[in-house]
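What follows is a set of notes on a single structure, which appears directly below.
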Amino acid sequence: MADFGPGHGRDGARSSADSQSLVSYFEILRERVWLILACTLLVLGAAVAYVELAPRQYQAQAELDVQAAASNDAVLSALPVLHQTGAPTEDVLTGASLVTTTTVAGAVASALHLKASPGALLGDISANPIGQASLDAVRATASSPLLAQRLANAFVQQTIATTTAAMHAAINSELPTLKSQILTIPLAQRYGPGSQGDQILELEQLDLQSNPTLTSAASAVLPTSPSSPKRKLTLIAGLFAGLMLGVGAAFAFHAFDPRLRREEQLREIFGLPILARIPRERLVRRSGPLLPSELDVAANEGYRTLRTMLAGRGPSSEPRVYLVTGSSPSDGKSTTAISLAAAQAQSGGTPILIEADLRRPTFASVFDLKSFPGIEQVMMGKLELVDALAPVRVGDTSIRVLAAHRWGAELADRLSPSVVRKLIDDAKALSDFVVIDSPPLNAVIDALPFAQLADEVLIVARLEHSRLNKLEELNELLSQHAAHGSGLVLVGGDRPALYYYGSGDKAPSRSRGRSARALGAAG
């Protein structure tokens, strides 16, 4: 039998958490793929524009061979040429430094009849050792291939020419002295190995040639393509940078606009089952809660599913009170409360619908109630609940509604647990199915006593509208006040392909649809 030690569970949990994190990261990228594509195309477009509009630059390279004079060379050791230092790399670096001097640049400008200053020319020239060889690469950058070639070759030539001129000057300065000194030496001793005569002869020979420590190893060839901008490299860099910018923007957008994008996020926050999914509709006709007659077949079928799911969750012989809330306005809670009550009435029940949002009541306008005794009369003890209920028609059924007048915070402050308990008890005595439309509890805590005394708290959330931080606040609030949610209603999902199956209706046309955003705007 396998032995699973105490670390096994931790490793498994860590692996599962890592997998979930990777999945959530992938989902964030998938949701913002339009942003990633937009950033990629934008940066890639900028790269294309740069490649097309940037001035072309060409680069040519000539090579300078550096052979430093040996330290035991009696003739060269006294001349201004390159001398060995014992480190070949240092000798090549010294040779490179001779190329990039203002003296050489000035000589190049004169030789090529250029109007540029020596400093400007040096900005287009670089000289660097080539690997471990005794060569220096002299690179010239210019706006035309020919100019780049001429500059690279000229800098090598003028480096040799200027150092040669310095060597010749030193030789011509030293030779007269040596020639006068040799006259004082006996004729037999004037010539021979290591003699002063041999030194004079070697100097006279050097005076006829160029600097032996610097020679041209290779001339620059005419460039056939620009070195800048590099088309392929620039486009690849633009594509990569655009992708990175898009990915960063996707995560930043998610951080600053954390809206509900997937139903998995909803389950992760609340740990509750999704009892019903109300599909997305297409057209917006008006704001405010919607009646079932204004919804299409798919939405009404979703609310009938909610009714069926709730019917199997508690004792059928006892009255049940369902509070419907959300995390923010326009989540679709009021439409859900109305449609749930209507679905129960269609099944033969006699539901009661209570409006507990005393700050922003909407039932009076939705049901066209002109003069009615509101929930205020019942709460203040001026009227019994049975006398305050207003029967309204919803399609081919009727429900009883306890609506609210716009009293605002004055009456909301009177929502004490005792008042709410009496109202709920009276409602249970009159019906076995009571639906309470609550304001967002994390924004308006007035209706919290209703949530604490209700048998079920249904949380409505809308895709691409409800904010994750607000949903988390609602979950924390319910947990802290012993009013735990019992189920979720998700508004705005994809409609099933055969949602009208068995309804006797044809697939609804676009004119009958309505956007899930409208369901949210419906309260």
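The values are calculated or read from the model by the stated rules, or taken from the named source; none is laboratory data. The model shown is predicted, which means the values in this text are computed figures rather than measured ones. A quick note on method: Cβ atoms are made from the backbone with ideal geometry, for glycine too, and the neighbour counts reach across all protein chains shown. The accessibility values were calculated without ligands, DNA or RNA, using every heavy atom of the protein model including side chains. Shrake-Rupley method; radii C 1.70, N 1.55, O 1.52, S 1.80 Å.
Under 5 Å between amide hydrogens, which residues at least 5 positions from S347 or on another chain qualify, with H placed 1.01 Å from N in the peptide plane?
Under 5 Å from the amide H of S347 lies no amide H from a residue far enough along the sequence or on another chain.
In whole percent, what relative contact order does the range 244-370 give with Cα contacts below 8 Å and a gap of six or more residues?
22
For the range 377-498, what class follows from the C-alpha gyration tensor (a ≥ b ≥ c being the square roots of its eigenvalues): rounded when a/c is under 1.5, otherwise prolate if a/b is larger than b/c, else oblate?
oblate
By the gyration tensor of its Cα atoms, with a ≥ b ≥ c the square roots of the eigenvalues, what is the shape of the range 161-223: rounded for a/c under 1.5, prolate for a/b over b/c, or oblate?
Note, shape of the range 161-223 comes out prolate.
What order do D136, D426, D396, D432 take when sorted by accessible area (1.4 Å probe), most exposed first?
The most accessible residue leads, giving D396, D432, D426, D136.
Looking at the chain only, what percent of DSSP beta bridges run antiparallel? Nearest 5 please.
The antiparallel fraction comes to roughly 45 percent.
What's the angle, to the nearest 10 degrees (0 to 90), between helix 468-480's Cα axis and the longest principal axis of the chain?
Between the helix axis and the principal axis of the chain, the angle is about 50 degrees.
Can you tally the net charge around I200? Count Lys and Arg as +1, Asp and Glu as -1, for every other residue whose Cβ sits under 10 Å from the Cβ of I200.
-2
When Lys and Arg each count +1 and Asp and Glu each count -1, what net charge do the other residues less than 15 Å away from L471, Cβ to Cβ, add up to?
Spelling it out: positives minus negatives among the neighbours equals -1.
How big is the accessible area of V23 in square angstrom, nearest 10, if you roll a 1.4 angstrom probe over the protein chains?
80
In the full protein assembly as shown, how much of M309 is accessible to a 1.4 Å probe, in Å² to the nearest 10?
Its heavy atoms expose roughly 90 Å² to the probe.
Can you count the Lys pairs in the chain with C-alpha separation below 28 Å, eight or more apart or on different chains?
For the chain, qualifying lysine pairs total 10.
Per residue of the chain, what 222 nm ellipticity follows from adding -39500 (n - 2.57) for every DSSP H run with n ≥ 4, rounded to the nearest 500?
Computed ellipticity for the chain at 222 nm equals -14500 deg cm²/dmol.
Give me the distance between the Cα centres of the range 110-138 and the range 42-66, rounded to whole Å.
When both Cα centres are located, 18 Å separates them.
With an 8 Å Cα cut-off and a minimum separation of 6 or more residues, compute the relative contact order for the chain in percent.
Once divided by the residue count of the chain, the mean separation gives 19 percent.
Mind pulling the angle between the C-alpha long axis of helix 6-31 and the longest principal axis of the chain? Nearest 10 degrees, somewhere in 0 to 90.
On a 0 to 90 degree scale, this one is about 90.
Grab the Cα-Cα distance for V386 and V221, subtract it from 0.36 nm times how many residues apart they are, and report the gain in nm with one decimal.
49.2 nm
Here are a few candidate values for mean projected area of the Cα convex hull in nm²: (i) 47.6; (ii) 32.7; (iii) 26.3. Which one was actually calculated from the structure I just gave you?
So the calculated entry is the one marked (i).
The range 310-373 to the range 423-474: how many Å between their Cα centroids?
Centre-to-centre (Cα) distance: 10 Å.
Could you tell me the distance between the Cα centroids of the range 190-253 and the range 77-106, to the nearest Å?
15
Taking Cα atoms, how many degrees apart are the long axis of helix 102-112 and the longest axis of the chain, rounded to 10 and kept between 0 and 90?
80
Once the other residues with Cβ under 12 Å from the Cβ of A250 are scored (Lys, Arg +1; Asp, Glu -1), what is the net sum?
0
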